[in-house]
Amino acid sequence: MSSSAPLSAPAIDLRRATYLAELAQGTERLQASRRESCPWCGGQRLRVRLTAPDVIQRKPGTFTLEECEDCAHVFQNPGLTPEGAAFYHRDRDLYERPPSRRRHRERIRAMLHIPEPESWLDVGTGDADFPATAREFFPYTSFDGTDPTPRVLRARATERVEEAYVGHLITPGLPARLRGRYDVVSVFHQFELSPSPREELRAAIAALRPGGHLVLELTDPRSAFAALLGKWWPGQAQPRQIHLLPLPNVHQALESHNCTILTTDACAPHTPTDLATATTRALSHVIPAPDTPWRTTRPTVLQHTTRAVLTAATAPLRLAATAADHTLAPLIRRSSFSNAYRVIARKNPLRQTGEPGPAAVR
């Protein structure tokens, strides 16, 4: 992931006036009031996990992650207002590298034990790279997608998905349209970005037909990298990561909503980018910032030159961090440093009496 915005000078100049007009109104309006209780369990025993600036785009603002001492749920507190979400998430795609084709194939192989589904909903699909790859394995499956951005509409236009929905799963009107329609619902690292992950999980389950499968992949807040790398760890990068869900909470929620947990994997989902991303982001806060539209003035020639020199000088350090990520990956995947987990669950049919069936774990 890059920490430098690859925007051309003309593009920056066009956007600068918009950003500066927003910043002139102050940043306080971009954050909501602080919560006094956990959004997952309602507990009121909260502790500060970390306080950090915008480590991704370096926009103005300071953000706090708090952890519930009752259920270990981690969440941004105070959260962003709708205006804040629009401000801080704008231009975000310039700083993020989408999952590789290899990553998509690994995710699909984890689902090959199920019969070929008739219908599949990919949540947070973006440009629908995952459905495009999944179709190689499931050629007769109909893929639909949701995404908070209009990218999903482009995916439909290019026939990567058949139906496209802009918004979160809990966007008003959407849950009723999707209820009971799908044999598979996949949600890869989207609950971390959702304003209400518990409601999103409930909506994902509701979109399944009885007997359908839910595949989830989430950042593991209990990864040892969280304490080692702190605010630079990509798993809790602010202000992007809004919620971090511990595995026991997800298990409990699935079981309480009539689902049987089929597999849990904290090994294969690990993405070996922790050290490289943390190193790049930490260095970016030492190296002079690039010209971005939220800067009030352009960098001087000296700042440009200094940035170029320091970027080149630190290249070996960044390359070494990348090498360490990949060299250590086989060991890290099987340790407490693994940064993600995957859960595959089946929605149980209802009993004839209307009561839900057992939600046994195996």
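Just so it is clear, none of the values below were taken in a lab; they were calculated from the coordinates. Keep in mind the model is a prediction, meaning the values are calculated, not measured. Cβ coordinates were reconstructed from backbone atoms using ideal geometry, including for glycine residues, and neighbour counts include every protein chain displayed.
Highest mean packing comes first when the peptides 331-337, 344-350, 88-94 are listed by Cβ atoms within 10 Å, giving 344-350, 88-94, 331-337. Shown here is the pair-distance distribution of region 158-298: with all Cα-Cα distances grouped in 5 Å bins from zero up to the longest one, the shares run 2, 8, 15, 18, 16, 13, 12, 8, 5, 3, 1, 0 percent.
Using 0.36 nm per residue and subtracting the Cα-Cα separation, the extra length available between residue 23 and residue 70 on full extension is 13.2 nm.
Compared with the alpha-carbon gap, the fully stretched path from residue 306 to residue 265 is longer by 10.3 nm at 0.36 nm per residue. The helix-only estimate of mean residue ellipticity at 222 nm for the chain, built from DSSP H runs of length n ≥ 4 each weighted as -39500 (n - 2.57), is -9500 deg cm²/dmol after division by the residue total. Against the chain, whose longest principal axis is taken from its Cα atoms, helix 247-256 shows a tilt of about 30°.
Percent of C-alpha pairs per 10 Å bin in region 1-132, short distances first: 9, 27, 28, 26, 9, 1.
For the peptides 25-32, 263-270, the ranking by mean Cβ contacts within 10 Å, running from highest to lowest, is 263-270, 25-32. In plain terms, the bigger the Kirkwood radius, the slower the diffusion; for the chain, with that radius from Cα pairs, at 20 °C and 1.002 mPa s, Stokes-Einstein puts D at 98 µm²/s. Taking 0.36 nm per residue of separation and subtracting the current Cα-Cα distance, fully stretching the chain between residue 317 and residue 33 would add 98.2 nm.
Panel values: region 28-95, Kirkwood radius from alpha carbon pairs, Stokes-Einstein at 20 °C and 1.002 mPa s, translational diffusion coefficient 168 µm²/s. Per residue, the convex hull spanned by the Cα atoms of region 255-339 amounts to 142 cubic angstrom.
Per-peptide packing, taken as the mean over residues of other Cβ atoms within 10 Å, places 208-217, 130-139 in the sequence 208-217, 130-139 from highest down.
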